[in-house]
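Trainee: Structure incoming, see below.
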Amino acid sequence: MTPPAAPSPAAASVLDLAPVVPVVVIDDAADAVPLARALVAGGLTAIEVTLRTPAALDSIRAIAAEVPGAVVGAGTVLTPDAVADAVDAGARFLVSPGWTPNLLAAMRASGVPFLPGVSTASEVVALLEQGVSEMKFFPAEAAGGTAYLAALAAPLPRARFCPTGGITPASAPAYLSLPNVACVGGSWMLPRPAITAHDWPHIETLSRKAATLMP
């Protein structure tokens with residue numbers, strides 16, 4: 001039996017891995033490796049597995065061990081315990097929809113890159129005070145979209161964002177054209193019927209299109 005591949009090292013910055021970070025919800029851990037291989041083959045190397053299902057941690061563990069081209073991370077990280085569990089499973093980055101002082105401290109202490117979530121200027125300023133300049137902007141469309149992020153660029157030039165929430169292939173280029181946006185998160189390359197049918201070639205094709213969405 002071929003031994004599992006060594007996990008990929010953590011990235012210095014989540015924001016610079018790829019223009020699009022797929023946001024993945026996995027119901028069956030058996031799907032994790034073929035799904036991740038399809039994403040990587042399509043050029044999407046940063047894979048955010050959300051901690052929304054019982055299969056999430058096992059999925060992260062499998063991807064970290066068996067898909068060396070992937071940099072797998074954990075999304076929907078809500079508590080310090082979730083930080084520890086995700087890193088123990090092999091997560092190479094962490095993403096939260098929001099943040100608290102306790103959660104921020106745990107993510108900082110984890111030793112892996114992290115993107116705390118923000119949706120207001122005050123939250124951005126608070127993170128900048130803590131020395132954090134890379135953030136998730138969530139929920140992007142509902143929180144003001146490209147107009148809101150463009151308005152933040154001049155007064156808060158040190159902040160860099162990965163907007164997530166309601167972004168589509170049509171709207172992604174407008175986000176990516178902003179000076180304070182390095183990448184976007186989305187799940188349009190992961191249609192549920194394709195996952196259910198194990199149509200990994202279709203997901204690879206959609207991922208390849210997503211990887212070319214630089215304006």
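The values are calculated or read from the model by the stated rules, or taken from the named source; none is laboratory data. All figures in this text were calculated on a predicted structure; none of them were measured in a lab. Methodologically, a virtual Cβ is constructed for each residue, glycine included, from the backbone with ideal geometry; neighbour enumeration extends over all protein chains shown. Quick note on the areas: whole protein, heavy atoms, side chains included, nothing else; ligands and nucleic acids left out. Shrake-Rupley method; radii C 1.70, N 1.55, O 1.52, S 1.80 Å.
Trainee: Of everything in region 115-130, what is part of a loop (DSSP other than H, G, I, E, B) and touching a Lys or Arg at 6+ places or on another chain (Cβ under 9 Å)? Give them in sequence order. Steps first, answer last, please.
Mentor: Pass one, region 115-130, residues part of a loop (DSSP other than H, G, I, E, B): 116, 119-120, 130.
Selection gives P116, Q130.
Trainee: Applying the selection to region 166-193, what residues are surrounded by 16 or more Cβ atoms within 10 Å (Cβ to Cβ), farther than 22 Å from V25 by Cα and either among the aromatic types (F, W, Y) or over 16 Å from the mean Cα position of the chain (by Cα) (or both)?
Mentor: Scanning region 166-193 gives A174, Y175, L178, N180.
Trainee: Name the pairs: first residue in region 194-215 and open to solvent by 70 Å² or more (accessible area, probe 1.4 Å), second residue assigned to a loop (DSSP other than H, G, I, E, B), Cβ to Cβ under 6 Å, at least 6 apart or on different chains?
Mentor: The qualifying pairs are R208/G42; R208/G43; M214/P19; P215/S177.
Trainee: Right, here's the next one. From the list I47, I63, pick out the single residue that is β-branched (V, I, T), in a helix (DSSP H, G or I), open to solvent by less than 10 Å² (accessible area, probe 1.4 Å) and touching a helix residue (DSSP H, G or I) at 6+ places or on another chain (Cβ under 8 Å).
Mentor: On the way: I47 fails: in a helix (DSSP H, G or I).
Testing whether each residue is β-branched (V, I, T), in a helix (DSSP H, G or I), open to solvent by less than 10 Å² (accessible area, probe 1.4 Å) and touching a helix residue (DSSP H, G or I) at 6+ places or on another chain (Cβ under 8 Å) leaves just I63.
Trainee: Return yes or no: is V118 surrounded by 19 or more Cβ atoms within 10 Å (Cβ to Cβ) and either among the polar types (S, T, N, Q) or modelled with pLDDT of 95 or more (or both)?
Mentor: It is true that V118 is surrounded by 19 or more Cβ atoms within 10 Å (Cβ to Cβ) and either among the polar types (S, T, N, Q) or modelled with pLDDT of 95 or more (or both).
Trainee: Select the helices (runs of 4 or more DSSP H) contained entirely in region 146-215, then report the ones holding at least 2 residues which are polar (S, T, N, Q).
Mentor: Here the list reads 200-210.
Trainee: Which one is farthest from V83 (Cα to Cα), of the residues in region 32-44 that are open to solvent by 20 Å² or more (accessible area, probe 1.4 Å) and modelled with pLDDT of 95 or more?
Mentor: The extreme case among them is A41.
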